[in-house]
């Protein structure tokens, strides 16, 4: 058995389309889930991570900033996965399992690194139900779409 055909296929293909498709799908699914869970003010809350709590009362500019930040994070996550797949071929071969674990990793980074460092300084106490729900959502609607886009489009 050899991995030469896979290596050639991965190295010859561009990551632009899979990153754009995966980032857009993951960002859109996550935004829809957030709208259903927290309401339409979610982009202002996201912008509040950069601007502070007063962003909740912001206008259209704050809303657009929140959307931009949200999709920036989604496209960044897709870019990291795509670039990692160049060196770690199992990310391409076992895309479902890797996508699920990548969703967990994204959730943990957001919950325990990004949120504590943002303007909200969000830190515990954490509710078990919220942790489980957050992990499951990130596994299914962020990690898997990113890995699936890489598998199908590269």
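Listed by first and then second residue, the pairs with beta-carbon distance under 8 Å, at least 6 apart or on different chains, first residue in the range 14-28 and assigned to a helix (DSSP H, G or I), second crowded, with 19+ Cβ neighbours inside 10 Å and modelled with pLDDT under 95, are 17/154; 18/154. Looking at 84, 74, can you tell me which residue is assigned to a helix (DSSP H, G or I), within 14 Å of the chain's Cα centre (by Cα) and modelled with pLDDT of 95 or more? It is 74. Taken together, the residues in the range 111-133 that are surrounded by fewer than 18 Cβ atoms within 10 Å (Cβ to Cβ) and part of a helix (DSSP H, G or I) amount to 12. Taking the criterion of being at pLDDT below 95, assigned to a helix (DSSP H, G or I) and buried (at least 17 other Cβ atoms within 10 Å of the Cβ), the only residue of the range 52-71 that qualifies is 55.
Going through the range 64-108 one residue at a time, which ones are within 26 Å of residue 45 (Cβ to Cβ) and touching a residue at least 60 places away in the same chain (Cβ under 8 Å)? If the condition is that a residue be within 26 Å of residue 45 (Cβ to Cβ) and touching a residue at least 60 places away in the same chain (Cβ under 8 Å), then 74, 77, 78, 79, 81 are the ones that fit. Given (1) over 29 Å from residue 147 (Cβ atoms); (2) at pLDDT 95 or above, where does residue 31 come up short, assuming only one miss? Only one criterion in (1) over 29 Å from residue 147 (Cβ atoms); (2) at pLDDT 95 or above is unmet by residue 31, namely (1). Residue 139 falls short on exactly one of the conditions (1) farther than 18 Å from residue 28 by Cβ; (2) in contact (Cβ under 8 Å) with a residue 24 or more places away in the chain, and that condition is (1).
The values are calculated or read from the model by the stated rules, or taken from the named source; none is laboratory data. A quick note: this is a predicted structure, and the numbers were derived from the prediction, not measured. Note: ideal-geometry Cβ built from the backbone for every residue, glycine included; neighbour counts use all protein chains shown.
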